[in-house]
Each structure stands twice: as C-alpha cells, then as structure tokens.
1. Can you pull the mean other chain C-beta count within 10 Å for peptide B:12-22?
2. At 7 Å along the Cα-to-beta-carbon direction for both residue B:79 and residue A:73, put a label point, then send me their distance in nm to one decimal.
3. With springs only between Cα atoms under 10 Å apart, run a GNM on chain B and tell me which of B:39, B:74, B:57 wobbles the most.
4. Can you give the average number of partner chain beta-carbon atoms within 10 Å of each beta-carbon in peptide B:52-64, as a whole number?
5. How far is residue A:44 from itself in the other copies, in nm, if each label sits 7 Å out from Cα along the Cα-Cβ line, shortest first?
6. Shielding by partners for B:66-75, please: the mean number of other protein chain Cβ atoms within 10 Å of each residue's Cβ.
7. Work out how much length residue A:64 to residue A:10 would gain on full extension: take 0.36 nm times their residue separation and subtract the Cα-Cα distance, in nm to one decimal.
8. Cα axis of helix A:39-52 to longest principal axis of chain A: angle in degrees, 0 to 90, nearest 10?
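Just so it is clear, none of the values below were taken in a lab; they were calculated from the coordinates. Treat the numbers as computed from the prediction; the structure is a model and nothing was measured. Cβ placement follows ideal geometry from the backbone for every residue including glycine, while neighbour counts extend to all protein chains displayed.
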C-alpha cells in the first residue's frame, strides 16, 4: 500500500512527529511524507504517532492508495524532497 | 478527477495561495485542500497559482486520483476541515 501522510500538529510536537514519520516514509514537502508500507509497518507508524500527538489539538491524515496506477502527481514550483519519489 | 493539493510556500504568499485554492477546493488541514475538479477547472487552478507562487522558492504539489475507489483516508487526532469531506 502506498501512503501519503500530512500532519498539522502543534509546534512543540512537530520535530518528534517528523522524526518518527521519517523512520517509515520519505519526506516530500513541509508536513508531507509518502512511501510504500506493509499493513504491519503502517500499523506501527500509527501506533508511534498516536503516542506523540495530542488528539485534541493535532491532526495526522493518511491517504492510502491501494493502486498508484490511478494516481498522478503534478508539481508547480520547486521540488523540495531530497530523495527520489517512488512513483 | 479528485485532486489533493498540498502547498509549501513562503509566508508572504500563503494567504494568497490559500484564498485562491479555496475558490476551487475544500480546506482539509493546514496546507492541504481537496476536491472534485474537471480538467478545465484543474487547469484554471494551476494557472492561477502559477501567477502567485515564486517557482524558485515555493512548492505546490497535486495528487490527482483518477478513481477514489482505490483510495482510503484515515485520521489520527482532530478533524480540522470545517466542511464535509466528499469521499
């Protein structure tokens, strides 16, 4: 499964959320990461983040693409992520 | 086509980018909007944003989902967008 993660968390927790998410996914842009995960690693990522965020203030949204064949990406401006995008 | 837009732009242009994107899409979370667009309105949105951003500093990334049947979303924490999500 291909996962896009976007987070909107309090500045006090941004570094911890980003550091944790980067253990699983590739950084794409400010507050956005993506990558291919198994069901198990996706679950582990969610567990890790649940322990960090404040559920009354923070928001972490996942888009799970079952099939990237039906998804395109398009960029205006500069590419910020340092690593290669998978698809 | 269903479009997810994530932006990472200089603070001087954030308001203008957000205001423009909201004319076409629903605000979901800080720096993230989404919605159903036609090819023509998607093109119009890109044209409008191209006139606002500095392509050497700003980044606007679109994910275009041809078929939302293969896409799920999952949220940790609070739902920030005020409007109903379409899918």
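1. Details: counts 0, 0, 0, 0, 0, 0, 0, 0, 0, 0, 0.
Averaged over the peptide's residues, the number is 0.
2. Modelled inter-label distance: 2.7 nm.
3. B:74
4. Numbers: counts 1, 3, 2, 4, 2, 3, 4, 11, 6, 13, 5, 10, 5.
The per-residue average across the peptide is 5.
5. Its label point is 4.7 nm from the equivalent points in the other copies.
6. Values: counts 5, 5, 4, 3, 9, 9, 7, 5, 9, 5.
Average per residue, whole number: 6.
7. Details: separation 54, 0.36 × 54 = 19.44 nm, distance 2.38 nm.
So the extension gain works out to 17.1 nm.
8. Long axis of A:39-52 versus the principal axis of chain A: about 40 degrees.
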